[in-house]
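The values are calculated or read from the model by the stated rules, or taken from the named source; none is laboratory data. None of these values were measured; they are calculated from a predicted model. Cβ sites come from the backbone with ideal geometry, for glycine too, and all protein chains shown count toward neighbours. Please note that ligands, DNA and RNA were not included when accessible areas were found on the heavy atoms of the full protein model with its side chains. Shrake-Rupley method; radii C 1.70, N 1.55, O 1.52, S 1.80 Å.
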Amino acid sequence: MRFFTLALLSPLALVSAQVVERHCGAPEPPESLKAEAASIATTIDTETTTLDTGRSSSAGNPYNKINVKTYVHIVTSPEDTGRYTQAMVNEQVTQSSSTSLTKHLT
Amino acid sequence: MNESYKPSGISFTLQSTDYTTNAAWSVSATDADEIEMKTALRKGTYEDLNLYFLSDLGGGLLGFCYFPTSLKTSADPALTLTLDGCINLAGSLPGAEVPNYNLGGTAVHETGHWFGLFHVFQGSACDGPGDYVSDTPKQRVATSGCPTTQDSCPGQKGLDSIHNYMDYSYDVCYEEFTKKQGKRMHRMYSKYRDGK
């Protein structure tokens, strides 16, 4: 009975109980994207790229470095307000490799 | 994310972080809730990444994301743009509370989908195209936990990609995208997102 009460009161306990293995809700890729992926795979498997040869990239090179502007939105229940910090977000975006975090946490 | 994607020549620059308290949007949101939330919060264009971290996605989900598509041929380009981005369980943030999945690997995995990558076990079969990446071995099942090794397609070349970000392993098990996954992401980004 006590455990039941704790589970009801603690969002942390609820989350811990629910996520026992990874479940990603990404939908089945659409056929059009699979077709594009197949085409790209053929291209990649047959090309000799500037990355392979180590030459510097040039205009039109599909492998020029990509920088993605990233916007983060923390959307929480009233009970979770303030739980997720800017430091966590910064760690997610700027670092977030399992290796570096393992080192950091141990 | 920057360290995870660096070998693939991809980096992320945090533009802003906003905080919203909304019970309907943050816990087991419906499709209508999702549209309402993203209409209110989404920023940037189709080449920009929006990462949402919610209290509870329902069903034990850690995250989901939208694949790239052609905005021009989309049935509803405005809605496609609005919905674009990745939703992640807030407890998966680095240092948050979900055991085994709180090193930030979920957002790295979901963003892989945003770049057009599939799961390494796509198709759940040892034959067929799988994930359409030729340097990830055929894999029939998703990995659970962090096994020492796994070979779900013993008749095929290579072992399962248990350390690949597009598998289902624990965060601590995640180590890499393959070289051709990196190229695939560049090609997909160039076709669908760059300049859009």
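If you go through the stretch B:1-22 and keep only what is open to solvent by 60 Å² or more (accessible area, probe 1.4 Å) and part of a helix (DSSP H, G or I), you end up with B:3, B:6, B:7. When residues in the stretch B:100-135 are screened for being open to solvent by 10 Å² or more (accessible area, probe 1.4 Å) and either in contact with a strand residue (DSSP E or B) (Cβ under 8 Å, 6 or more places away or on another chain) or not aromatic (Phe, Trp, Tyr) (or both), 16 of them pass.
Taken over the stretch B:106-158, the criterion of being in a helix (DSSP H, G or I) and out of contact with any helix residue (DSSP H, G or I) (no Cβ under 7 Å at 6 or more places or on another chain) is satisfied by B:109, B:110, B:111, B:112, B:113, B:114. Can we say residue B:103 is aliphatic (A, V, I, L, M) and either under 15 Å from the mean Cα position of the chain (by Cα) or outside any loop (DSSP other than H, G, I, E, B) (or both)? It is true that residue B:103 is aliphatic (A, V, I, L, M) and either under 15 Å from the mean Cα position of the chain (by Cα) or outside any loop (DSSP other than H, G, I, E, B) (or both). Considered as a group, the residues in the stretch B:69-88 that are touching a strand residue (DSSP E or B) at 6+ places or on another chain (Cβ under 6 Å) and of a type in the set (A, V, I, L, M, F, W, C) include one that is surrounded by the most Cβ atoms within 10 Å (Cβ to Cβ), and that residue is B:87. Where helices (runs of 4 or more DSSP H) sit wholly within the stretch A:38-106, those with at least 2 residues that are at pLDDT 85 or above occupy A:86-90. Of the residues making up the stretch B:64-103, those that are within 7 Å of chain A (Cβ to nearest Cβ), more than 22 Å from residue B:43 (Cα to Cα) and not aliphatic (A, V, I, L, M) are B:91, B:94, B:95, B:97, B:99, B:101.
Pairs meeting the criteria (first residue in the stretch B:1-18 and under 20 Å from residue B:187 (Cβ atoms), second residue assigned to a loop (DSSP other than H, G, I, E, B) and open to solvent by 30 Å² or more (accessible area, probe 1.4 Å), beta carbons under 8 Å, at least 6 apart or on different chains) are B:9/A:64; B:9/A:65; B:10/A:65; B:11/A:65. Determine if the stretch B:13-24 includes at least one residue that is more than 7 Å from every other protein chain (Cβ to nearest Cβ) and closer than 29 Å to residue A:32 by Cα. Taking every residue of the stretch B:13-24 in turn, none turns out to be more than 7 Å from every other protein chain (Cβ to nearest Cβ) and closer than 29 Å to residue A:32 by Cα. Note on the stretch B:145-171: residues that are open to solvent by 20 Å² or more (accessible area, probe 1.4 Å) and under 16 Å from residue A:23 (Cβ atoms) amount to 2.
Considered as a group, the residues in the stretch B:149-177 that are within 15 Å of the chain's Cα centre (by Cα) and polar (S, T, N, Q) include one that is nearest to residue B:117 (Cα to Cα), and that residue is B:164.
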